[in-house]
Amino acid sequence: MNRYYYLILIVLLPFNVFSQLSQELVVYSQEINADSLKNIVEELQNFGSRYAFNPNRVEIANYLKNRLQEYGWDAKLDSFYMENFEYPYHSGIINTGWQYNVVADKKGIYNPDTFFVVGAHYDSYASYDTLTYFNNSPGADDNASSVAAILEIARMFQKYNIQPIKTLRIELYAAEELGLHGSNYAIQQSHYRYNEHIAAMMNLDMIGYNPDTINADSVKLVYYDNSQEFTDFCKQTTLNYTSLIPNTTTEFQQNSDSWSYYSWGRKAIFLQESQMHPFYHTHNDLSTTLNYNYMKKITQLAFSIAYLASTTNQYYPISIKEITSQPQFTLQLNTNPVKDKIQFTYTSTNSQDTRFQIINQMGKIVKEGKLSKHKVFSSQYSIPIPHLKQGIYLLKIENQVEKIIVVSPLS
Ligand SMILES: [Zn+2]
């Protein structure tokens with residue numbers, strides 16, 4: 001290859017790789033809901049304080065675990081012990097006790113031994129309110145906002161039965177405010193105990209504040225010097241799938257949980273609002289100060305990154321053990337447009353009884369069920385759709401998606 005071709009490749013490759021938008025991701029993303037985000041922020045704020053050594057910490061962790069379980073994720077608490085920890089610093093107050101990370105995996109169907117981690121801390125404190133730092137810290141922006149985003153991402157994966165090819169892991173960290181303790185524990189477990197292969201980690205911390213004047217649509221992508229390719233992927237995903245403007249920066253890169261992953265040699269990115277919350281670490285970090293439309297956009301970005309990184313090989317670091325016998329699926333429509341039934345050929349090496357979904361352009365599932373009920377013979381299927389209005393829909397089976405155009409039965 002001569003230098004000229006080499007240059008062309010460098011110029012064209014990123015655009016080719018990212019130029020095909022995922023239609024299903026566009027549809028799923030629209031379902032992300034500002035009210036759902038607000039509800040969760042308010043529920044977390046209603047704990048009064050999420051200071052790491054308050055007695056309610058196990059109750060908060062269980063609330064988060066239960067939420068993830070309701071969304072069909074196999075969530076558990078992973079606890080660690082903090083001993084003789086002086087806080088506030090130089091106060092003489094010594095704290096000792098268990099802390100609870102909340103962890104949930106959605107196993108990859110091809111590369112379960114490669115992990116994409118989405119993390120955020122759930123503890124809060126009001127360190128600028130010297131007398132009330134432990135009992136009045138609503139932490140709406142810092143960091144109920146990001147916990148809400150991650151729960152919303154978890155809901156999307158369940159709602160659309162999205163199957164990642166790498167394992168998607170959710171981590172909600174304890175005791176970040178006291179020195180990134182939860183994330184340090186998590187990466188050390190992964191490293192020493194399980195020797196896991198982490199493709200990358202995406203951290204969210206403070207994503208809900210935007211006074212809607214300047215930089216209304218800017219998002220900070222805080223990056224690390226070992227993660228150039230992953231950062232480019234996140235930047236391109238911002239441009240492709242959101243109306244946000246990515247602002248890559250190294251500001252605050254040591255101040256949140258992605259630093260733990262970076263310190264242990266893992267690739268990481270950290271998403272944050274473009275302007276600092278004016279009442280950061282005080283009792284005034286309240287839900288009423290947040291801009292839920294802006295928060296929805298950053299949640300859509302986080303969902304898009306998690307979706308593409310875990311269900312496709314667009315961002316590809318996968319382990320050495322992968323590519324053994326990967327399940328094969330094929331979905332082919334017999335005709336399209338369709339009228340009162342969808343006829344198609346479907347083959348799969350997966351022996352389980354598979355489900356199908358038909359999803360409209362608003363992201364709503366309009367029909368779903370067991371595929372076996374609609375088998376005609378061998379790999380031929382026919383799903384009746386007498387009540388579907390004209391329009392464009394997606395037929396989704398396992399990780400296969402086909403666009404369907406429904407025309408009136410009379411035409
Ligand atoms: Zn924070």
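Give the shape of the stretch 279-379 as rounded, prolate or oblate, defined through the alpha-carbon gyration tensor: a ≥ b ≥ c are the square roots of its eigenvalues, a/c under 1.5 means rounded, and otherwise the shape is prolate if a/b is larger than b/c and oblate if not. The shape class here is oblate.
The alpha carbon centroids of the stretch 128-189 and the stretch 267-318 are separated by 11 Å.
Amide H to amide H, with H built 1.01 Å from N, Asn210 comes under 5 Å of Asn291, counting only residues 5 or more places away or on other chains.
Mean separation of Cα pairs under 8 Å and 6 or more residues apart, divided by the residue count, gives the chain a relative contact order of 17 percent. Checking every one of the trypsin sites (Lys or Arg not before Pro) in the stretch 372-405 against DSSP loop status and a limit of 15 other Cβ atoms within 10 Å picks out Lys389. All other residues whose Cβ lies under 14 angstrom from that of Tyr393 are scored, Lys and Arg at +1 and Asp and Glu at -1, for a net of +3.
Per-residue ellipticity at 222 nm, computed for the chain from helices alone with -39500 (n - 2.57) per DSSP H run of at least four residues, works out to -8500 deg cm²/dmol. One quarter of the surface of the convex hull around the alpha-carbon atoms of the chain equals 23.8 nm², the direction-averaged projected area. Averaging the Cα positions of each part gives two centres, and for the stretch 194-236 and the stretch 332-411 these lie 36 Å apart. Loop-resident chymotrypsin sites (Phe, Trp or Tyr not before Pro) (DSSP state other than H, G, I, E or B) in the stretch 30-132 with no more than 16 further Cβ atoms inside 10 Å of their Cβ: Tyr89, Tyr128. Across the stretch 266-308, the residues whose backbone nitrogen lies under 13 Å from the label position 7 Å along the beta-carbon direction of Asp129 are 279-287. Against the compact-protein benchmark of 2.2 N^0.38 Å, the Cα-based radius of gyration of the stretch 329-406 scales to 1.01. Among Val219, Val376, Val147, the largest mean-square fluctuation in a Gaussian network model of the chain, built with springs joining Cα atoms closer than 10 Å, belongs to Val376. Under the simplified labelling scheme, the Asn95-Thr312 pair shows an inter-label distance of 4.2 nm, with each label point 7 Å from Cα along Cα→Cβ.
Helices meeting the span-like rule in the chain (full DSSP H runs, Cα extent of at least 15 Å along the helix axis, mean Kyte-Doolittle score of 0.5 or higher): 3-19, 145-159. With each label modelled as a point 7 angstrom along the Cα→C-beta vector, the Tyr280-His387 pair spans 5.2 nm. If you take every DSSP beta bridge fully contained in the stretch 22-311, what fraction is antiparallel? Give it as a percent rounded to 5. For the stretch 22-311, the DSSP antiparallel bridge percentage is about 45.
Using a 10 Å cut-off around each Cβ, can you sort Arg193, Arg50 from fewest to most neighbouring Cβ atoms? Kindly include the intermediate steps, with their values, before the conclusion.
Numbers: Arg193 8, Arg50 25.
Starting with the residue having the fewest Cβ neighbours, the order is Arg193, Arg50.
On a 20 Å Cα-Cα criterion, which of the cross-link pairs Lys159/Lys296; Lys367/Lys403; Lys159/Lys396; Lys166/Lys364 come out too long? Could you put the intermediate results ahead of the total?
Working: Lys159/Lys296 17 Å; Lys367/Lys403 15 Å; Lys159/Lys396 12 Å; Lys166/Lys364 26 Å.
Correct reply: Lys166/Lys364.
Only aspartates and glutamates eight or more places from Lys339 in sequence, or on another chain, were considered; those with a Cα closer than 17 Å are Glu402.
Of all the options Gly139, Gly92, Gly182, the one that moves most in a Gaussian network model of the chain with Cα springs shorter than 10 angstrom is Gly92.
Within a straight-line Cα-Cα reach of under 16 Å, Lys235 can be paired with the following lysines, leaving aside sequence neighbours fewer than 8 residues apart in one chain: Lys220, Lys267, Lys297.
Only the coordinates and a few stated rules stand behind these numbers; no lab work does. Since we're looking at a predicted model, the values are computed, not measured. Virtual Cβ from ideal backbone geometry, glycine too; neighbours counted across all protein chains shown.
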